[in-house]
Amino acid sequence: MGVKLLLDKAHVEGIRYYDVYRREGGYRSVEKALKMSPADIVEEVKKSGLRGRGGAGFPAGMKWSFIAKPEGVPRHLVCNADESEPGTFKDRYLMEFLPHLLIEGLIVASFALGSNATYIYIRGEYAWIPDILEQAINEAKANGWLGKNIQGSGFDCEIYVQRGAGAYICGEETALIESLEGKRGNPRIKPPFPAVKGVWDRPTVVNNVETLAAVVPVINMGGEEYSKIGVGKSTGTKLISACGNINKPGVYEIDMTISVEEFVYSDEYCGGIPNGKRLKACIPGGSSVPILPANLLFKTAKGEQRMMNYESLSDGGFATGSMMGSGGFIVLDEDQCVVKHTLTLARFYRHESCGQCSPCREGTGWMEKILKNIETGKGKMTDIDLLWDIQRKIEGNTICPLGDAAAWPVAAAIRHFRDEFEWHVNNPELCLT
Amino acid sequence: MSQFSEERLAKVKEIIARYPDGKQKSALLPVLHLAQEQFGWLSSETMDYVAGLLKIEPIEVYEVATFYSMYNLKPVGKYMFEVCQTGPCMVRGSEDIIEYIKQKLGIKVGETTPDGLFTLKTVECLGACGYAPMMQLGKHYREHLTKEKVDAIIEECRRNAAANN
Ligand SMILES: NC(=O)C1=CN([C@@H]2O[C@H](COP(=O)(O)OP(=O)(O)OC[C@H]3O[C@@H](n4cnc5c(N)ncnc54)[C@H](O)[C@@H]3O)[C@@H](O)[C@H]2O)C=CC1
Ligand SMILES: Cc1cc2nc3c(=O)[nH]c(=O)nc-3n(C[C@H](O)[C@H](O)[C@H](O)COP(=O)(O)O)c2cc1C
Ligand code: SF4
Ligand code: FES
């Protein structure tokens with residue numbers, strides 16, 4: 001059994017409610033934090049090595065220390081609960097089952113950043129979760145952890161829950177900010193980063209749900225102790241949402257020292273592939289990271305065992321590696337068609353492009369169309385090269401990384417499964433239409 | 001007429017109070033959700049009403065209502081089946097579920113049954129990939145779908161509709 005810092009209490013009956021949560025040691029980190037200075041809290045988070053769990057892995061403490069503090073301008077903390085990357089459903093699990101853990105982390109982070117009004121932006125489809133969060137907020141407030149003069153500290157804080165309305169792009173932090181301002185979710189050009197100019201042009205820190213929940217063990221244990229869990233720059237624990245062709249889909253907390261192979265086959269985690277089938281491929285970090293064939297998933301190109309952490313998953317770069325991303329672990333067995341799976345992802349990105357940049361707006365549509373042709377047996381050999389060409393022209397030429405996110409899965413599928421694309425071109429009569 | 005009840009107007013006020021003075025436009029998405037809850041969809045009359053409530057231009061409301069996929073710009077059935085079709089759900093059999101619903105309700109994707117009860121829609125990943133295949137039905141998710149489960153859900157909707165009439 002690996003170390004559990006977030007989900008250790010997830011199965012305690014009634015943990016969703018304040019009394020049980022508090023009895024189990026909840027809100028201790030707030031008690032501790034309120035006795036510290038905000039700068040010291042930021043220092044602890046820096047020491048912990050905690051990296052953003054939304055996908056980019058940017059060090060949380062460093063981001064907090066970058067927040068601008070112009071005289072007389074309010075600052076805000078915004079929790080990114082937009083979770084829409086295919087394969088990713090870990091934040092939902094935290095919010096549904098451990099709402100107080102998130103609220104606790106939000107209070108500590110709000111105090112450290114000086115946010116008196118903190119917003120949770122949650123995807124609109126998670127329509128039942130705001131009720132759970134609001135109940136937790138009300139309970140916290142009734143017990144003096146939110147509102148005016150929290151626990152006599154002189155610090156005031158309110159947390160509000162805002163629902164999106166169906167748009168993947170609103171998970172991108174600047175699109176999220178636009179949406180929170182009541183606009184279309186069109187990403188802004190960075191820099192300026194939100195830490196300098198965010199919601200209503202005020203300094204804003206946007207952090208993922210899991211990052212903010214992880215602040216609780218960081219403060220409880222101290223940054224130094226937290227940093228001892230894991231390996232290298234992959235400190236602490238990570239939630240992985242596992243899905244696809246595995247025996248035990250679900251959300252798992254791992255310490256980042258286990259191997260990918262153990263994660264897939266151990267009964268503690270995915271429990272192997274159903275019906276004795278072989279694993280064909282895996283997208284280890286949410287739909288936008290490169291797909292890996294089984295041989296590169298379990299071993300790096302150098303022949304070393306691949307581990308479930310930031311460094312090891314990206315070992316070999318895009319040629320032979322992938323990324324930890326958002327922790328959405330998608331497994332495909334030997335019966336799955338990589339072309340078809342990639343087509344569903346291409347359709348996803350075409351549907352979700354905000355349309356501001358032409359390479360992304362047009363390119364995602366072209367990629368979907370060509371993939372559809374290949375998949376249904378109407379493709380030509382030159383289409384495979386054309387597809388490669390289009391994804392190259394999108395990557396790096398857009399305002400936000402959604403363009404890259406759309407390009408990478410297509411590139412990796414061609415890189416590692418070109419024979420499968422060619423098979424479709426050569427065997428049109430065998431393609432299902 | 002598109003008008004909020006007193007209770008909903010109080011809720012709008014409460015939402016506006018969450019933002020700094022003069023930033024009431026931030027309430028737009030939540031208020032459109034409230035409007036859709038009440039009227040089922042967003043007519044231009046409703047959107048104009050919302051613009052008035054928030055003291056913004058109607059175009060600012062249209063821009064937003066057309067951008068987000070959850071806002072209905074035309075009437076939909078009483079029960080909307082929104083079935084996820086993205087990769088992780090596809091590998092767990094979402095296509096069969098969509099086919100089955102089509103056949104069972106006698107409609108294509110995007111259509112509403114003649115009695116106005118059911119609309120079938122395909123959607124992209126809803127964050128339930130580990131519990132696939134799945135669909136959204138109103139406020140909640142229905143997960144681990146099978147043909148039997150789909151039958152039961154349709155029955156349940158028919159019963160609820162009959163009970164509410
Ligand atoms: N969880 C999910 O559902 C999804 C996650 N993603 C992930 O999102 C990632 C891309 O996210 P981005 O925010 O575009 O990455 P990014 O690398 O631009 O930024 C990461 C974070 O660090 C901050 N930051 C970076 N440099 C900074 C500086 N100099 N000063 C202040 N703050 C700074 C940014 O504001 C942001 O909060 C992808 O890698 C992908 O894995 C993508 C889609 C969905
Ligand atoms: C297209 C796109 C979608 C994103 N969606 C999410 C999301 O749903 N949740 C999330 O936390 N971060 C998402 N991100 C990353 C955010 O922009 C940002 O990096 C993150 O919220 C920062 O939090 P962290 O540092 O705690 O990870 C997305 C980025 C892109 C480009
Ligand atoms: S890359 Fe795509 S989603 Fe991002 S801003 Fe450009 S068009 Fe919009
Ligand atoms: S792919 Fe269907 S819920 Fe994620």
Segment A:167-185: number of residues that are open to solvent by 10 Å² or more (accessible area, probe 1.4 Å) and either within 7 Å of chain B (Cβ to nearest Cβ) or more than 16 Å from ligand 1 (Cβ to nearest atom) (or both) = 4
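Any residue at all in segment A:242-263 that is within 30 Å of B:A65 (Cα to Cα), away from ligand 2 (no atom under 14 Å from the Cβ) and without any contact (Cβ under 8 Å) to a residue 60 or more places away in the chain?
no
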Taking segment A:356-406, which residues are open to solvent by less than 30 Å² (accessible area, probe 1.4 Å), away from ligand 3 (no atom under 16 Å from the Cβ) and on the phi < 0 side of the Ramachandran plot?
-> A:I370, A:L371, A:I374, A:E375, A:T376, A:G379, A:D383, A:I384, A:L387
Residue pairs meeting the criteria (Cβ under 6 Å; at least 6 apart or on separate chains; first more than 16 Å from ligand 3 (Cβ to nearest atom), in segment A:151-177; second of a type in the set (K, R) and open to solvent by 20 Å² or more (accessible area, probe 1.4 Å)) | A:D156/A:K148; A:Y160/B:R18
Which numbered condition trips up A:R163, out of (1) open to solvent by 10 Å² or more (accessible area, probe 1.4 Å); (2) more than 11 Å from chain B (Cβ to nearest Cβ)?
-> (2)
Which condition number in (1) over 19 Å from A:V161 (Cβ atoms); (2) surrounded by fewer than 24 Cβ atoms within 10 Å (Cβ to Cβ) is the one that A:Y17 fails?
-> (1)
Conditions: (1) touching a residue at least 40 places away in the same chain (Cβ under 8 Å); (2) open to solvent by 70 Å² or more (accessible area, probe 1.4 Å). B:S69 meets all but one. Number of the miss?
-> (2)
Name every residue in segment A:53-94 that is open to solvent by 10 Å² or more (accessible area, probe 1.4 Å), assigned to a loop (DSSP other than H, G, I, E, B), away from ligand 4 (no atom under 16 Å from the Cβ) and in contact with a Ser or Thr (Cβ under 7 Å, 6 or more places away or on another chain), in order of residue number.
-> A:G54
Does segment B:47-86 hold any residues that are within 11 Å of chain A (Cβ to nearest Cβ) and more than 22 Å from the chain's Cα centre (by Cα), and which are they?
-> B:L54, B:I56
The correct count of residues that are assigned to a loop (DSSP other than H, G, I, E, B), away from ligand 4 (no atom under 16 Å from the Cβ) and under 21 Å from B:P88 (Cα atoms) in segment A:269-315 is 9
Pairs returned, first residue in segment B:10-38 that is more than 10 Å from chain A (Cβ to nearest Cβ), second residue that is open to solvent by 10 Å² or more (accessible area, probe 1.4 Å) and not hydrophobic (A, V, I, L, M, F, W, C), beta-carbon separation under 7 angstrom, 6 or more apart or interchain, are B:I16/B:Q24; B:L34/B:R8; B:L34/B:K11; B:Q38/B:R8
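The values are calculated or read from the model by the stated rules, or taken from the named source; none is laboratory data. Just so we're clear, the structure is a prediction, and the values are computed from it rather than from any experiment. Cβ atoms come from the backbone with ideal geometry, glycine included; neighbour counts cover every protein chain shown. Accessible surface is based on the protein model in full, side chains and every heavy atom, while ligands, DNA and RNA are left aside. Shrake-Rupley method; radii C 1.70, N 1.55, O 1.52, S 1.80 Å.
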